[in-house]
Amino acid sequence: MEVVHTGRCVCGAVRFTATGDPLRVTICHCTWCQRRTGTAFGTEVVFEIGQVALTGDSVGTYRHHSDESGRWLDVAFCRVCGGNLGFTLEAAPGLRTLPAGAFDDPAWVDAESIQIRHVFVRSRRSWSDLSPLVEQYERHFRTS
């Protein structure tokens with residue numbers, strides 16, 4: 001039996017289901033993710049796009065073009081509460097992220113069972129300590 005993880009936006013107008021195991025968790029310290037999340041980094045669980053289903057009629061998208069690469073990211077959000085619903089990336093066709101904190105039971109996301117990567121650590125906040133137990137990249141693991 002395949003594992004199923006569920007989650008939602010803050011208000012519950014949009015729900016998601018992820019079937020199967022994720023490929024990894026990416027913790028991004030780029031300045032765009034800092035602004036996007038309003039904190040020190042974005043924590044996204046990465047799945048193949050076919051593993052994820054969003055339900056609800058309040059899903060909005062925003063296309064951002066990276067200042068560094070020029071590639072786009074399509075960010076999904078709830079039009080009612082503004083809650084983060086992950087994104088897709090031009091640089092990684094076929095993949096979709098979901099925010100780690102939006103799962104109904106986020107306790108299943110752990111470094112012992114899922115590969116975790118910190119990316120863009122060159123712009124991490126000085127007070128954001130990194131575990132030596134996870135991979136770390138100055139930029140992205142695809143461009144280091």
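Just so it is clear, none of the values below were taken in a lab; they were calculated from the coordinates. Quick caveat, the model's predicted, so the values are computed rather than measured. Ideal geometry is used to build each Cβ from the backbone, glycine not excepted, and the neighbour counts take in all protein chains shown.
Note on the chain: with a GNM built from Cα contacts shorter than 10 Å, the maximum mean-square fluctuation among 29, 64, 118 falls on 64. Simple spin-label estimate for residue 19 and residue 37 gives 2.8 nm between the two label positions (7 Å along the Cα-to-Cβ direction from each Cα). Residue by residue, segment 35-44 carries 3J(HN,Hα) couplings of 6, 4, 9, x, 8, 7, 6, x, 10, 10 Hz when phi is fed to the Karplus relation 6.51 cos²θ - 1.76 cosθ + 1.60 (θ = phi - 60°); x denotes Gly or Pro.
Springs join every pair of Cα atoms under 10 Å in this Gaussian network model of the chain, and among 100, 53, 40 the largest mean-square fluctuation is at 53. When you restrict to C-alpha pairs under 8 Å that are six or more residues apart and normalise by the size of the chain, the relative contact order lands at 26 percent. Dividing the summed -39500 (n - 2.57) terms of all DSSP H runs of n ≥ 4 by the residue count of the chain sets its mean residue ellipticity at 222 nm at -1000 deg cm²/dmol.
Histogrammed with a bin width of 5 Å, the alpha carbon distances of the chain distribute as 2, 9, 19, 24, 21, 15, 8, 2, 0 percent, first bin at zero. Express the Stokes-Einstein translational diffusion coefficient of segment 64-120 in µm² s⁻¹, to the nearest whole number, given a Kirkwood radius over alpha-carbon pairs, 10 °C and a viscosity of 1.306 mPa s. Rounded to a whole number, D works out at 119 µm²/s.
What translational D, rounded to a whole number of µm²/s, comes out for segment 11-65 from Stokes-Einstein when the hydrodynamic radius is the Kirkwood one over Cα pairs, at 4 °C and 1.567 mPa s? After rounding, the answer is 99 µm²/s.
For segment 28-104, rounded, prolate or oblate, judged on the Cα gyration tensor with a ≥ b ≥ c (square roots of eigenvalues), a/c < 1.5 rounded, else prolate if a/b > b/c? The shape class here is rounded.
Using 1/(1 + (r/R0)^6) with R0 = 25 angstrom and r between the beta carbons of residue 55 and residue 114, what's the FRET efficiency to the nearest 0.05?
That gives a FRET efficiency of 0.55.
For the chain, modelled as a GNM whose springs connect Cα atoms under 10 angstrom apart, the maximal fluctuation among 66, 58, 123 occurs at 66.
If a spin label sat at a point 7 angstrom from the Cα of residue 48 along the line to its beta carbon, the backbone N atoms of segment 83-118 nearer than 19 Å would be those of 87-98, 114-115.
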